[in-house]
Every structure is written in C-alpha cells, then in structure tokens.
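The values are calculated or read from the model by the stated rules, or taken from the named source; none is laboratory data. Because the structure is predicted, anything quoted here is derived from the model rather than measured. Don't worry about glycine lacking a Cβ; one is built from the backbone with ideal geometry, like all the others, and counts go over all protein chains shown. All accessible areas refer to the heavy atoms of the entire protein, side chains included, with ligands and DNA or RNA removed. Shrake-Rupley method; radii C 1.70, N 1.55, O 1.52, S 1.80 Å.
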Amino acid sequence: MATMKKYYADFLEFVKTKHAGQPEFHQAVEEVVISLIPCLEQNPIYLKEKILERIVEPDRIYIFRVPWTDDKGEIHVNRGYRVEFNNAIGPYKGGLRFHPTVNLSVLKFLGFEQIFKNSLTTLPMGGGKGGSDFDPTGKSDSEVMRFCQSFMNELFKYIGANIDVPAGDIGVGGREIGYLFGQFKKLTNSFEGVLTGKGLNWGGSLIRPEATGYGVVYFAQEMLKTKGTDFKGKRVAVSGFGNVAWGAVAKVNHLGGKVVTISGPDGFILDEDGIKDEKWEYMLELRASNKNIVEPYAKKFKKAKFFKGQRPWGVKVDVCLPCATQNELNEKDAKEIVKNKVMVVCEGANMPCTPEAIELFLKNKIMYAPGKASNAGGVACSGLEMTQNSIRLSWTAQEVDQKLHDIMINIHNTCLKTAEKYGHKGNYMVGANIAGFEKVAKAMIEQGLV
Ligand code: NDP
Ligand code: 2IT
C-alpha cells in the first residue's frame, strides 16, 4: 500500500516536471489520478500497460501563427492551437476556445477532461481541444470573420469528419462555427461534418445550442431525485451568462425552478423575481453585445440588483450551477455554500470548482457533480449531430432532446453505479473518472502499443 501511494505521488511529480508551468493541466490530472486509485488497485493490468503514463501525453499538438487585419487595416498576430489528445474510441472531438487566457496548459486540461467526458456519453468520440488567445471582446463581425478564416487556413490540414471534429466553447458560438466551416469548405472543396454546432440549414442539429445547459439541469434533476425531490420551487444560482448558462436557465424554468443569479467578469446579478421570459431572452442580447458585462441587466430590469466584482455563491439557494469558467468557485465560496445548506452543486463549466472547494463539498455531504459528467450534454449532442450528418438525415427537436435526456440519465446512473462498485458510494467524481477511464483504457490495450 505504501509503495502504491509512493507510485501515485511520484507519478504526479513526474507530470508536474515533464509538463512544467501548466497548473491547470496538473490540476485536472491530479483529480483524475486520485479518483482512479481504487480502480487501478483492482486492475493491475492498467499499471502494467502504463495507461496513466500514456494517457497524459497527447497524441500530438499543433501550434500555429494566426495573422489577421482589423477594420483599420492594422495587422495582428495571435497563436492558434489544436491538441489531439486521444482517439482510442473515436475521432478527436472537442471545442475551440477563443479567449485571451488560452494557453497550452488550459487547452491540455480541457483536452484531457474531454477524453473521459466523451467516453461517458457512450458515443464514439475521442478527446481533443483547441483555440486561440484571440480576444473577441469589442471585435466587429468582419474582424471575427477574418480571424476565423486565418485560423482555418492552418487548422484545415489536421481535421476531418473521421479525424478530428472541433466545435464551440468560450468565445466560439454559431457565428464563429459558420465562418470556420465556410473557410474549410473553400480550402478543401468538401462539404462534410467536420465541425459541430453548425447552422440548421447546413448540417446542424436542433437542440445543440441548448444541449449543454439542458444536460446540466437533466443531470441535476437526477441528483435531486436521489433525495426524493425535484426542481419545483427550488432556488437556483447560475454563474456566467454565455451559451451554457443560457441553456441551463431555460431548463430550470421549464422544470418549475427559479434562477435568481447570473454573472459576468464584472460581477453578478440577483433577480429575486427569477430570470425568465424576456429576461432570459435578454441574456442573448447581453452576450451578443460583445462587451462581456452583465451590469446592463440591472439597468434594464429595475428590480434586479448588480453586485460589482462579486460572485453569486453567497446567495441562499438550493442548487448551484457554475457555468462560467475554470476555478471560478473556490474554498471561500464553498464555505458559503456549506453554510447555506445547498443541496446540489452541478458543474456546467469545465473544472469551475477548485480542489479545496470540492473537498469541502464531499466532507459536508453536499451532492457534487464534476463537469466531465454533468456538462457532457453539449458534446453528446455534437455526437448526435455527427450521426445525423453521417446518415444525411435530421431528427426533430423532440427526438434529439429525448436522446440527450436519456444520455444524461445514463451518465448519472453510470457514475453512481461505478462509484459504489469501487467503494465510494455517492461520489460522482470518483464514478465519472473511473467509468470514463475504463472504456478508454480497455480500448488502448486492445489496440496495442501505438
Ligand atoms: P460562452 O463564451 O458562451 O460564455 C462564457 C461566459 O462566462 C462568458 O460570458 C464569459 O465572459 C463568462 N466568464 C468568464 N470568466 C468569468 C468569470 N470569472 N466570472 C463570470 N463569468 C465569466 O462560453 P460557454 O457558455 O460555451 O462556456 C462556459 C463554460 O462551459 C466553459 O467552461 C466551457 O468550457 C464549458 N462548456 C461549454 C460547452 C459548450 O457546448 N459550449 C460544453 C461543455 C462545457 P468573458 O468572455 O468575458 O470571460
Ligand atoms: O467542453 C465541451 O464539452 C465543449 N465545449 C463541447 C465540445 C463539442 O465537441 O461539442
């Protein structure tokens, strides 16, 4: 046992040294490796086959220059990336993020998480992630178009419907996917399902824009069900105001809950009357304004309050859905959540809770779901878009939503079943990591040392 402990400690040290200066990546690896301990101890084959050592090393990473001109004719140069992490169970699949904080550490953490998330969906998708340090804030439509075209001028060499299928993430929505797809088509003269999140008239799937947020709430609904309750009459805190937050707010409203907060980098909004109807629609306007602030909500809807520079986690609610970005909920926030006796924390963003916050939730028996399980609805719906592209048919919104709902219930149950099997009953994090890992690990072993 002592030697095993030393093995894990040494392994994490090895990752920190080999992938030096990449704290987000270290954080993601550490969470997974610690959760995997019971599985690795019962299945020594994974250690013998050096699956951990192999899985933390991406298959390959492309890094490239993205030059573009702004509306005044001035030249700018950004950096583009695509991390092709693991394709043991399907083509690389994962979003593109355009945000000034994008670097290799962030994209490797996201690509690594994506391996396990995609495995949990039950669909045949490997893990990848990409993006750029381009900042879309305040950019005109034509600037965004020129940037996307330049980005694709390099990316097109590496992707394909059976190779690597990017999609959206922070800063990349329907508009950007359109420009990227147009340029891919121009360069390759091929119309194929090379990206997901496409427009409905050219190969996109109904429900994809809503899917991540809907999926988070479907997952949280299952968590509440285990306590014999549901969303009816529940107060919910949501953070962020982007694509995921928007879908989550809509679904909480459908299920009879009340969302009282959203947030942006400038602070958070508290709306005791609930964010619904035209106030929910206004979230799209806020996002499209390209200003990255939520304060205008409180100017438009006078009963709402704006709390500058603060996060929503001190508000007394029953359910917290962090849907903005990584490490947005820390130990101090978690203490507030514990004090307020919140029932469920269900991650919409990728890795929004710090390890210290998660520890507090587990210690205080607050039900906690990790993003790789609870936000998998987005990529699951991307997988359904790929299927529709392959069979050249489109399903109705009801068909896609039903499949999405079934997938989320299945992921929820798989997490609980796996956690119990490995002696961590009720621990969604352990269940998600082990279940996601085992499928990929088995595929890697069956396919030999490549
Ligand atoms: P969007 O770009 O649509 O929205 C992200 C929002 O969060 C932006 O408004 C962003 O503003 C804001 N934000 C960033 N940092 C903070 C902060 N510290 N506090 C409050 N708000 C902040 O991206 P998505 O909604 O697509 O992505 C949100 C999260 O969900 C990310 O972690 C992403 O990886 C994850 N995710 C997305 C999926 C998808 O299908 N889109 C699928 C699964 C997960 P700003 O730009 O100024 O930072
Ligand atoms: O983090 C994610 O799962 C996404 N941004 C969605 C990826 C996808 O390929 O749809």
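Taking the numbered list (1) among the polar types (S, T, N, Q); (2) in contact with a Gly (Cβ under 6 Å, 6 or more places away or on another chain); (3) open to solvent by 70 Å² or more (accessible area, probe 1.4 Å) in turn, residue 86 passes all entries but (3). Can you list residue pairs whose Cβ atoms sit under 8 Å apart, with the first residue in segment 385-401 being farther than 14 Å from residue 198 by Cα and open to solvent by less than 40 Å² (accessible area, probe 1.4 Å) and the second being among the aliphatic types (A, V, I, L, M) and not in a helix (DSSP H, G or I)? Count only pairs 6 or more apart in sequence or on different chains. Hits for this filter: 397/206; 397/207; 400/206; 400/207; 401/207.
Residues that are within 14 Å of ligand 2 (Cβ to nearest atom) and β-branched (Val, Ile, Thr) within segment 67-88 comprise just one, 83. Here are some residues: 240, 193. Which one is in contact (Cβ under 8 Å) with a residue 40 or more places away in the chain, outside any helix (DSSP H, G or I), on the phi > 0 side of the Ramachandran plot and open to solvent by less than 20 Å² (accessible area, probe 1.4 Å)? That would be 240, the only listed residue that is in contact (Cβ under 8 Å) with a residue 40 or more places away in the chain, outside any helix (DSSP H, G or I), on the phi > 0 side of the Ramachandran plot and open to solvent by less than 20 Å² (accessible area, probe 1.4 Å). With a requirement of 3 or more residues that are buried (at least 18 other Cβ atoms within 10 Å of the Cβ) and out of contact with any Gly (no Cβ under 7 Å at 6 or more places or on another chain), the strands (runs of 3 or more DSSP E) lying completely within segment 285-357 that satisfy it span 344-346. Restricting attention to segment 201-219, the residues being over 30 Å from residue 343 (Cα atoms) and either in contact (Cβ under 8 Å) with a residue 60 or more places away in the chain or within 16 Å of ligand 1 (Cβ to nearest atom) (or both) number 4. Being surrounded by 24 or more Cβ atoms within 10 Å (Cβ to Cβ), within 16 Å of ligand 2 (Cβ to nearest atom) and not aliphatic (A, V, I, L, M) narrows it down to one of 212, 261, so name that one. One residue alone meets the criteria, 212. Are any residues in segment 407-450 of a type in the set (Val, Ile, Thr), over 27 Å from residue 57 (Cβ atoms) and buried (at least 18 other Cβ atoms within 10 Å of the Cβ), and if so, which ones? Of everything in segment 407-450, just one residue is of a type in the set (Val, Ile, Thr), over 27 Å from residue 57 (Cβ atoms) and buried (at least 18 other Cβ atoms within 10 Å of the Cβ), namely 407. For segment 1-40, a residue qualifies if it is of a type outside the set (Gly, Ala, Ser), open to solvent by 70 Å² or more (accessible area, probe 1.4 Å) and farther than 30 Å from residue 81 by Cβ, and the qualifying residues are 1, 3, 5, 6. Counting only residues that are open to solvent by less than 70 Å² (accessible area, probe 1.4 Å) and in a helix (DSSP H, G or I), which one in segment 264-284 is farthest from residue 317 (Cα to Cα)? The residue in question is 282. The single condition from (1) over 24 Å from residue 244 (Cα atoms); (2) outside any helix (DSSP H, G or I) that residue 395 fails is (1). Contact map, segment 318-343: residues that are acidic (Asp, Glu) paired with residues that are surrounded by fewer than 16 Cβ atoms within 10 Å (Cβ to Cβ), Cβ distance under 8 Å, separation 6+ or inter-chain. Pairs shown: 331/356.
Just to be sure before I move on: is residue 181 in a helix (DSSP H, G or I), over 24 Å from residue 211 (Cα atoms) and either within 16 Å of ligand 2 (Cβ to nearest atom) or modelled with pLDDT of 95 or more (or both) in the structure I sent? Criteria not met by residue 181.
For (1) closer than 26 Å to residue 85 by Cα; (2) within 16 Å of ligand 2 (Cβ to nearest atom), each residue gets a yes or a no:
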| site | (1), (2) |
| --- | --- |
| 351 | yes, yes |
| 357 | no, no |
| 382 | yes, yes |
| 412 | yes, no |
| 428 | yes, no |
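Can residue 130 be described as modelled with pLDDT of 95 or more, within 11 Å of ligand 1 (Cβ to nearest atom), open to solvent by less than 10 Å² (accessible area, probe 1.4 Å) and within 27 Å of residue 289 (Cβ to Cβ)? Answer is no for this residue. Inspect all residues belonging to segment 134-149 and state whether any of them is open to solvent by less than 30 Å² (accessible area, probe 1.4 Å) and farther than 17 Å from residue 182 by Cα. Checking segment 134-149: at least one residue is open to solvent by less than 30 Å² (accessible area, probe 1.4 Å) and farther than 17 Å from residue 182 by Cα.
Restricting attention to segment 358-380, which residues are under 17 Å from residue 240 (Cβ atoms) and either assigned to a strand (DSSP E or B) or polar (S, T, N, Q) (or both)? Result: 369, 374, 375.
Scanning segment 92-121 for residues that are among the aromatic types (Phe, Trp, Tyr) and touching a His at 6+ places or on another chain (Cβ under 9 Å) returns a single hit, 109.
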